[in-house]
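Let me begin by presenting the structure, written as structure tokens, before commenting on it.
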Amino acid sequence: MLILLPPSEGKADAGTGRRLDLNRLSLPELTPARQGVLAALMALGSGGDEAAALAALGLSAGQRGELARNARLDRVATAPAGQVYTGVLYEALDLASLPAPAQRAARRTVLISSGLWGAVRLTDRIPPYRCPIGAKLPGVGALSAYWRQALPPAMAAAAGDGPVLDLRSGAYAATWTPRGELAGRTVTVRVLHERETAAGPTRSVVSHFNKATKGRLVRDLLVAAARPRTAAGLVTALRDLKYTVEEQPTPAGRPRQLDIVVTEL
């Protein structure tokens, strides 16, 4: 099974170990593409047009410190990606507290999407950075389109012949869409919050709730040592973990779409 996660906007303040070495990252076929984005991002951070650099990354004037950090990405300490990302999903996943077998499974199965790296594993050492997928970098262009060209072979190879649990947000999901037979092995998830109102039960998507539920869902699968071999087996594993799962109709050749319905925050 391959589990795809989005990155988090929140990141650790600093790394703790050696400097960045692109040649040590997983999915080495992405190295040339990573080099292109890294060089563009560092040049943007050290360039003279601060206003243009902030606009390219969607940052405010109060976030100009992110530009300086980006300019030094090849010279600062790194940390495992699983420690660099600190947002709601990763807090709910709580990697550090997982039992040892679940941590080993996480290292094998989880890939994190990234506007800078394309995709990394939890153990890949990266520096904290700021590079949203919506950025448009000089010489590289729109990152979503850039990664759509580079990611497909690497992601297909990483998926192998097992199921794929795709928990990426929409912008990151746009960088790679499974096609053909692989799409039939891929499951996407939407989290719906159901609550009672005077008019009866209502459902809505809540961003914070969505991220936290996805983090807990991955944690539960890892702790349970779930090893589904098919998309149907993955759906069964989620139901066995007591999740309320509703499958939506999907066209042939597209990933299966699941709604996870929750009632508690």
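For a quick check of your reading: which helices (runs of 4 or more DSSP H) sit entirely within the stretch 47-95 and have at least 2 residues that are within 26 Å of N23 (Cβ to Cβ)? Walk me through it before giving the result.
Working: elements: 50-57, 65-70, 81-84, 88-93.
Fully inside the stretch 47-95 and qualifying: 65-70, 81-84.
Can you find even one residue in the stretch 253-261 that is open to solvent by 70 Å² or more (accessible area, probe 1.4 Å) and part of a helix (DSSP H, G or I)?
no
Just for the stretch 1-30: of the residues that are surrounded by 14 or more Cβ atoms within 10 Å (Cβ to Cβ) and among the hydroxyl-bearing types (S, T, Y), which one is nearest to the chain's Cα centre (by Cα)?
Selected residue: S8.
Which residue, of D166, D161, is closer than 25 Å to L221 by Cβ and in contact with a strand residue (DSSP E or B) (Cβ under 9 Å, 6 or more places away or on another chain)?
D166
Going through T263, T197 one at a time, which residue ends up being over 24 Å from Y85 (Cβ atoms) and in contact (Cβ under 8 Å) with a residue 60 or more places away in the chain?
It is T263.
Taking the condition within 15 Å of E246 (Cβ to Cβ), surrounded by fewer than 17 Cβ atoms within 10 Å (Cβ to Cβ) and among the aliphatic types (A, V, I, L, M), does V205 pass?
yes
Could we say that R190 is modelled with pLDDT of 90 or more, among the charged types (D, E, K, R) and either open to solvent by less than 50 Å² (accessible area, probe 1.4 Å) or part of a helix (DSSP H, G or I) (or both) here?
Judged against the criteria, R190 is not a match.
What number of residues in the stretch 208-230 are open to solvent by less than 50 Å² (accessible area, probe 1.4 Å), over 18 Å from the mean Cα position of the chain (by Cα) and aliphatic (A, V, I, L, M)?
Going through the stretch 208-230 one residue at a time, the tally reaches 1.
Any idea which of T202, T250 is of a type in the set (V, I, T) and assigned to a loop (DSSP other than H, G, I, E, B)?
T250
Mind listing just one residue for me: the one in the stretch 141-172 that is among the hydrophobic types (A, V, I, L, M, F, W, C) and over 19 Å from R34 (Cβ atoms) and, of those, surrounded by the fewest Cβ atoms within 10 Å (Cβ to Cβ)?
A159
Looking at E196, E181, can you tell me which residue is outside any strand (DSSP E or B), over 19 Å from the mean Cα position of the chain (by Cα) and at pLDDT below 95?
Among E196, E181, only E181 is outside any strand (DSSP E or B), over 19 Å from the mean Cα position of the chain (by Cα) and at pLDDT below 95.
Which numbered condition trips up L116, out of (1) in a loop (DSSP other than H, G, I, E, B); (2) in contact with a strand residue (DSSP E or B) (Cβ under 6 Å, 6 or more places away or on another chain); (3) surrounded by 23 or more Cβ atoms within 10 Å (Cβ to Cβ)?
It is condition (2) that L116 fails.
In the stretch 173-187, how many residues are within 26 Å of C131 (Cβ to Cβ) and open to solvent by 20 Å² or more (accessible area, probe 1.4 Å)?
Within the stretch 173-187, residues that are within 26 Å of C131 (Cβ to Cβ) and open to solvent by 20 Å² or more (accessible area, probe 1.4 Å) number 3.
Can you tell me how many residues in the stretch 143-168 are more than 15 Å from V110 (Cα to Cα) and either in a loop (DSSP other than H, G, I, E, B) or not polar (S, T, N, Q) (or both)?
10
The values are calculated or read from the model by the stated rules, or taken from the named source; none is laboratory data. As the structure is a computational prediction, the values presented were derived from the model and not from experiment. Reconstructed Cβ throughout: ideal geometry from the backbone, glycine too, with neighbour counts over all protein chains shown. What goes into the accessible areas is simple: the full protein's heavy atoms, side chains included, and nothing from ligands, DNA or RNA. Shrake-Rupley method; radii C 1.70, N 1.55, O 1.52, S 1.80 Å.
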